[in-house]
1. For the pairs K108/K212; K119/K201; K72/K119, note any where the Cα-Cα span goes beyond 20 Å.
2. Calculate the spin-label point distance for E95 paired with L53, positioning each point 7 Å from the Cα along the beta-carbon direction, and give it in nanometres.
3. Can you give the charge dipole size of region 156-210 about its Cα centre, rounded to the nearest 20 debye, using +1 on the beta carbon of Lys and Arg and -1 on the beta carbon of Asp and Glu?
4. Given a Förster radius of 35 Å and the C-beta distance between A147 and Q210 as r, what FRET efficiency does 1/(1 + (r/R0)^6) yield to the nearest 0.05?
5. If the chain between L118 and I179 were fully stretched, how many nm would it gain, using 0.36 nm times the residue separation less the Cα-Cα distance?
6. Rounding to the nearest 20 debye, state how big the charge dipole of region 107-211 is about its Cα centre with +1 on each Lys and Arg Cβ and -1 on each Asp and Glu Cβ.
7. According to a simple spin-label model (label point 7 Å from Cα along Cα-to-Cβ), what is the distance in nm between A232 and N62?
8. Need the full-extension length gain, V171 to K108, defined as separation in residues times 0.36 nm minus the C-alpha distance. One decimal, nm.
Amino acid sequence: MPLSSHKNKLWCIDTLAYPFYQRVMGKGRLLIWLYAVLLGGMGLPASANVDRLDEGVAMINNLVSSVQDIAKQQSTSTEIHDQTNRIIDQFFDYESVASFTIGPYWRKASPEQKQDYLKTFREVLIVQVANNFDYFRTLEYQHVNAANKGQDWIIIDGIIHDTTNTYPDAVISWRIRNIAGEPLTIFDLSVENVSMLITQKDENMAIIRQNKGNLDALIDLLRERSKDLRMARNDSGS
């Protein structure tokens, strides 16, 4: 099926965390997911994974401070793009999360398709944030609770609060990978019990299936979305 016939499917790029966005952001697709990455993706030195709850809480709080510092600066979109890219490289297991978002199609993909998907998915993610970073300036994160889930996961609950009181608070839950001998890394974020990662996976796979298992159709949509986002950023003069 030609790409042009799937332009109406761009909702999969624009409406992640739809229930939360309707109340908190009002636009943007991957913004809250990447906000989670920025706030929660910081790896810390590994220790025995018997109980690393305090480490997980400190990880979130430390990165919150880092993101707030960036938000306070009057950076250009290009500078925010670069800062976001560095945070992902340093603190986040991006390939694991990105590969999860296309399910079994990751294993079926050629090496070239995997690299194309990693590149285009990441670019949409980062440019979306760079274009909408002003929203982060009025958001605060408050820790609520932390608990182990099995041996390999930590769940940390918190609240995102809009300091302008324009939008109601949103309850969020971080899912952090806790593997012995490895740094903690964030894997997923749930907003009011809706998993952002599973939502992304379901929507991506729906597009691939509508194109008879062709991963390139999704990659093409991502490329088009990235181009549109960059044009919007240039038009804004950032």
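What follows is calculated from the coordinates using simple rules that are stated; it is not laboratory data. Keep in mind it's a predicted model, so treat the numbers as computed, not measured. All Cβ positions, glycine included, derive from the backbone under ideal geometry; neighbour counts span all protein chains shown.
1. Violating the 20 Å Cα-Cα cut-off are K72/K119.
2. If labels sit at L53 and E95, their model points lie 3.4 nm apart.
3. In debye, rounded to 20, region 156-210 gives about 260.
4. The computed FRET efficiency comes out at 0.35.
5. Between L118 and I179, full extension yields an extra 19.6 nm.
6. It comes to approximately 520 debye.
7. 3.4 nm
8. Net length gain for the segment: 19.1 nm.
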